[in-house]
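First up is the structure itself, then whatever we jot down about it.
The values are calculated or read from the model by the stated rules, or taken from the named source; none is laboratory data. Everything numeric in this text was worked out from a predicted model, so none of it was measured. Heads up, the Cβs are rebuilt from the backbone with ideal geometry, glycines too, and the neighbour counts pull from every protein chain shown. Remember, those area values only see protein heavy atoms, side chains included, never the ligands or the DNA or RNA. Shrake-Rupley method; radii C 1.70, N 1.55, O 1.52, S 1.80 Å.
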Amino acid sequence: MDTEKIWNNILENIKINVSPAIFSTWFTQTHLVSVNKDGDKHVIQIGCFSSYAKSTIEGRYFGMIKELLEKELGTKCDITFIVKEGAPKKKTNDEPSPLFESSVNKEQELKDALIKSGVRPLYTFDNFAVSSSNQMAWAAADAVSKNLGTAYNPLFIWGGVGVGKTHLMNATGYEALKEDGSIKAFFCTGEQFTNDIVEGIRNKSTQRFRNKYRKLDILMIDDIQFIAGKDAVQEEFFHTFNALVSAGSQIVMTSDRPPSEISKLEERLRSRFEAGLIVDVGQPDFELRCAIIQIKSKVRGMSIPMDLVQLIAGNIDSPRKIEGFLVKLSSEAKLKNLPISADMIQSILGKGIGGNGNQVKASPNDVISAICKYYTVKKGDLLGKSRAQVVALPRQILMYFLRTELNLPLQEVGNIIGRDHTTVMHAVDKVSLLASSDVNIRQDILGIKNKL
Ligand code: ADP
Ligand code: MG
């Protein structure tokens, strides 16, 4: 019996019965674990990706699923839900399944394409939870990823800090590349784009710039508001924009505000932006925050019981802070070698790290001096350009502290250490990963903390 096919049919039916938001959040990561004939009925196990998903699906959609399965199989069904991850998803369309070798090639092609395009494999639609605050933006991004240049062009996504704009735009690029790894995609920040243009002008190599940007199938620019007020950059972007759109290529942008409120944005750009689709992403509600915590903790290999997920969601409003909080929680649990508990969560919340409580008392300068003292490096070297290992690691630890302990935005950390925010992001990821596997790093972190 082809359980995958059966479940795909059921999913198609569920899709018709529930909103896209519900479907994407709860059903995309379910699968049939087993189907066994027992007399005149079937005994069926359905796997859900987390206990939260299991209890939600069980509680709200049991009847619908049972009915659909009974119709599909033509017998009575006994269903149980269990927590179990599915096999990696295969494509669901009817093309013959690729030979082993060609699917490996495809995987490699996607990997190469991601590296070349600057699209991150971590921020995908699969791990993006949807609710009323982001449903419009999600639906638009999803449509764009499947119909480059024809669904909505440009797609302009705006909203407050940390609500998921970058994630969503990245997912758009990821999905498009997954569909076809041979397309030319490029993801950059408004800041990188600006630097590229400025460099082109300085080195009289604007032709190279044009060759790079005007031949794309999809251009994604994060935080486009950055180009406002920069005349030469806006001029060049205007021509890039026109060249791309008239060639049928897709443009996606994010911004912290709608085009009408970006001051010093050239009028002709504003009207181009407004000619496409403008969608906003709002602050997530409680349920969405719970879903995000589930997704993020799963990625980190943490298992947090539902009541604790709710405790965190009740105390932290911003998805970005959730991420910082989980980093903190995971290292706390590992440092102390204790299971995650309400007390541990309360104590981190109480310290105000990532929570809504009081901020840590230390200032960025305090952290800088503590790190200089701990590693005996000079402040000038720590904040300087050298890539030598003796300062590179302390510098990464500094970024980690500023981000997770002081809870500063990526951009601000970037300003302090004179690097761009993607560098900060990588550093924070790297240190949190190291902290979970390397006892020396854990000791360093504790040691520095004691100096604060
Ligand atoms: P923005 O660009 O709007 O400032 P990001 O896209 O950087 O925000 O999101 C901040 C963090 O929150 C990221 O780790 C992102 O993965 C996470 N996040 C935000 N919204 C969601 C969501 N709906 N589902 C899963 N993760 C989310
Ligand atoms: Mg962003």
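Collect the residues in the stretch 282-303 that are open to solvent by 30 Å² or more (accessible area, probe 1.4 Å) and among the hydroxyl-bearing types (Ser, Thr, Tyr), keeping them in residue-number order. Listed by number, the list holds a single entry, Ser303.
Quick check: anything in the stretch 221-231 of a type in the set (Lys, Arg), out of contact with any Asp or Glu (no Cβ under 6 Å at 6 or more places or on another chain) and crowded, with 22+ Cβ neighbours inside 10 Å?
No, the stretch 221-231 contains no residue that is of a type in the set (Lys, Arg), out of contact with any Asp or Glu (no Cβ under 6 Å at 6 or more places or on another chain) and crowded, with 22+ Cβ neighbours inside 10 Å.
Residues in the stretch 137-167 that are over 23 Å from Gly324 (Cα atoms), part of a helix (DSSP H, G or I) and under 17 Å from the mean Cα position of the chain (by Cα) were compared, and the one that is nearest to ligand 1 (Cβ to nearest atom) is Trp138.
Candidates in the stretch 170-188 are the residues that are out of contact with any helix residue (DSSP H, G or I) (no Cβ under 7 Å at 6 or more places or on another chain) and open to solvent by less than 10 Å² (accessible area, probe 1.4 Å); of these, the one that is farthest from ligand 2 (Cβ to nearest atom) is Cys188.
Here are some residues: Ile322, Ile251. Which one is within 11 Å of ligand 1 (Cβ to nearest atom) and open to solvent by less than 10 Å² (accessible area, probe 1.4 Å)? Before you say what the answer is, go through the steps one by one.
On the way: Ile251 fails: within 11 Å of ligand 1 (Cβ to nearest atom).
Criteria check complete, one pass: Ile322.
For the stretch 283-319, the tally of residues that are under 19 Å from Ser132 (Cα atoms) and more than 16 Å from ligand 2 (Cβ to nearest atom) stands at 15. Among the numbered conditions (1) in contact (Cβ under 8 Å) with a residue 40 or more places away in the chain; (2) within 16 Å of ligand 1 (Cβ to nearest atom), the only one that Phe241 does not meet is (2).
When Ala129 is tested against the conditions (1) more than 15 Å from ligand 2 (Cβ to nearest atom); (2) open to solvent by 30 Å² or more (accessible area, probe 1.4 Å), the lone failure is (2).
Scan Arg210, Arg257 and give me the residue that is farther than 22 Å from Gln411 by Cα and charged (D, E, K, R).
Numbers: Arg257 fails: farther than 22 Å from Gln411 by Cα.
After ruling out the rest, the residue left standing is Arg210.
State whether one or more residues within the stretch 289-300 are part of a loop (DSSP other than H, G, I, E, B) and either of a type outside the set (D, E, K, R) or modelled with pLDDT of 90 or more (or both). No. Pairs meeting the criteria (first residue in the stretch 206-235 and touching a residue at least 60 places away in the same chain (Cβ under 8 Å) and closer than 20 Å to Arg120 by Cβ, second residue open to solvent by 70 Å² or more (accessible area, probe 1.4 Å) and more than 16 Å from ligand 1 (Cβ to nearest atom), beta carbons under 8 Å, at least 6 apart or on different chains) are Asp217/Lys184; Ile218/Lys184.
Take the conditions (1) open to solvent by less than 30 Å² (accessible area, probe 1.4 Å); (2) within 30 Å of Cys290 (Cα to Cα); (3) β-branched (Val, Ile, Thr); Val161 misses just one of them, which is (1). Screening Glu274, Glu236 for residues that are of a type outside the set (A, V, I, L, M, F, W, C) and open to solvent by 60 Å² or more (accessible area, probe 1.4 Å) leaves exactly one candidate, Glu274.
Is it the case that the stretch 106-123 has a residue that's modelled with pLDDT of 85 or more, hydroxyl-bearing (Ser, Thr, Tyr), assigned to a helix (DSSP H, G or I) and open to solvent by less than 40 Å² (accessible area, probe 1.4 Å)? Within the stretch 106-123 (the criterion being modelled with pLDDT of 85 or more, hydroxyl-bearing (Ser, Thr, Tyr), assigned to a helix (DSSP H, G or I) and open to solvent by less than 40 Å² (accessible area, probe 1.4 Å)), the answer is yes, since at least one residue qualifies. Taken over the stretch 1-42, the residue count meeting the criterion of being of a type in the set (A, V, I, L, M, F, W, C) and open to solvent by 60 Å² or more (accessible area, probe 1.4 Å) is 2.
Among the criteria (1) under 12 Å from Ile218 (Cα atoms); (2) polar (S, T, N, Q); (3) in contact (Cβ under 8 Å) with a residue 60 or more places away in the chain; (4) open to solvent by 40 Å² or more (accessible area, probe 1.4 Å), the one Asn147 does not fulfil is (3).
Limited to the stretch 431-448, what total is found for residues that are without any contact (Cβ under 8 Å) to a residue 60 or more places away in the chain, surrounded by fewer than 16 Cβ atoms within 10 Å (Cβ to Cβ) and in a helix (DSSP H, G or I)? Before the answer, list the steps.
So in the stretch 431-448, the residues without any contact (Cβ under 8 Å) to a residue 60 or more places away in the chain come out as 431, 433-434, 437-441, 443.
With the extra rule that they be surrounded by fewer than 16 Cβ atoms within 10 Å (Cβ to Cβ), the set shrinks to 433, 437-440, 443.
Now narrow it down to the ones that are in a helix (DSSP H, G or I): 433, 437, 439-440, 443.
Summing the residues that are without any contact (Cβ under 8 Å) to a residue 60 or more places away in the chain, surrounded by fewer than 16 Cβ atoms within 10 Å (Cβ to Cβ) and in a helix (DSSP H, G or I) in the stretch 431-448 gives 5.
Taking the condition without any contact (Cβ under 8 Å) to a residue 12 or more places away in the chain and either among the aromatic types (Phe, Trp, Tyr) or not in a loop (DSSP other than H, G, I, E, B) (or both), does Ala171 pass?
When the stated conditions are applied, Ala171 does not pass them.
Exactly one residue out of Ile340, Ile312, Ile348 is buried (at least 16 other Cβ atoms within 10 Å of the Cβ), within 16 Å of ligand 1 (Cβ to nearest atom) and not basic (Lys, Arg): that is Ile312.
Residues in the stretch 105-126 that are within 16 Å of ligand 2 (Cβ to nearest atom) and closer than 15 Å to Ile183 by Cβ: Gly118, Val119.
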